[in-house]
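Q: Quick one: structure below, then a few questions.
The values are calculated or read from the model by the stated rules, or taken from the named source; none is laboratory data. Just so it is clear, the structure is predicted and the values come from calculations on it, not from any experiment. As a convention, Cβ positions derive from the backbone with ideal geometry for all residues, glycine included, and neighbour counts pool all protein chains shown. Please note that ligands, DNA and RNA were not included when accessible areas were found on the heavy atoms of the full protein model with its side chains. Shrake-Rupley method; radii C 1.70, N 1.55, O 1.52, S 1.80 Å.
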Amino acid sequence: MNFAWQSVILVFAGVLLLRVAGRKSISQMTLAQTVVMISIGSIIIQTIIETSVWKTIVAAGIFVGSLILMEYFQVRYNFIEKFITGKSKIVIENGKLKTANMRKLRFTADQLEMRLRTSGITKISDVKIATLEPNGQLGYELMNDAKPLTVGEFKRLMGELILQSPVQPAPQASDDIFQELKKGHNPPNSKDLH
């Protein structure tokens, strides 16, 4: 088999194996998933240098199978999930930085501020709780006064305002869209039309 066909087969096999492994972006991958994906890439490149296409596909399949097995055990057993994936760590609580946790995570205040800014948060004091998730994302809950108004809250507030103000009947709208035009004009006489 020539070099071009081997490369095409490896690319399609890699796509198929990664599809089986799961659909996540790099930022959402756990440590185990990242290691498996890098390993698959390394195996594919190594095969292009050598010539064993089928051994490469089998080896990549073993990596994907082990990833699926690890994910199964993580779903089944909490301690395995904690060991392989880790748990969320609190980095802000009641508007205050949890510097001890940040040091353990090797996560600087500047990195935290960058993530807050990209989430549209301008003040640490507006954050009730923020956690650094196992996939590296920042999860947060805002203080009550800093939360955006929801549709449900708006309806509740409007209901309270309507109950507090005297109810006045709303003017009846006409379905006739030409009503304004008709007010100042007399209908044409049939004699004027001829």
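Q: Please list 126, 110, 145 in order of solvent-accessible area, largest first, computed with a 1.4 Å probe with all protein chains present.
A: Order by accessible area, largest first: 145, 110, 126.
Q: Can you pick out the pairs among 128/155; 123/147; 96/155; 87/147; 87/123 whose Cα atoms lie more than 23 Å from each other?
A: The pairs that break the limit, which is 23 Å between Cα atoms, are 128/155; 96/155; 87/147; 87/123.
Q: In addition: Suppose each label sits 7 Å from its Cα in the direction of the beta carbon; what would the residue 144-residue 126 distance come out to in nanometres?
A: Roughly 1.9 nm, to one decimal.
Q: So what are the radius of gyration and Dmax for the Cα set of the range 77-130, in Å?
A: Rg then Dmax for the range 77-130, in Å: 12.8, 39.
Q: Please list the non-local residues whose amide H lies under 5 Å from the amide H of residue 91, H modeled 1.01 Å from N, same-chain partners needing a gap of 5 or more.
A: 130, 131, 132
Q: I would also like to ask the following. If each residue of separation counts as 0.36 nm, what is the full-extension length gain between residue 109 and residue 90 once their alpha-carbon separation is subtracted?
A: Numbers: separation 19, 0.36 × 19 = 6.84 nm, distance 1.32 nm.
Gain in length upon complete extension: 5.5 nm.
Q: Counting only heavy atoms of protein chains, what accessible area per residue, in Å², does the range 83-139 have with a probe of 1.4 Å?
A: Value returned for the range 83-139: 64 Å² of accessible area per residue.
Q: I've got another one for you. Enumerate by residue number the trypsin sites (Lys or Arg not before Pro) in the range 63-154 meeting two conditions: DSSP loop (anything except H, G, I, E, B), and at most 15 other Cβ atoms within 10 Å of the site's Cβ.
A: Hits after loop and neighbour filter: 87, 106, 123.
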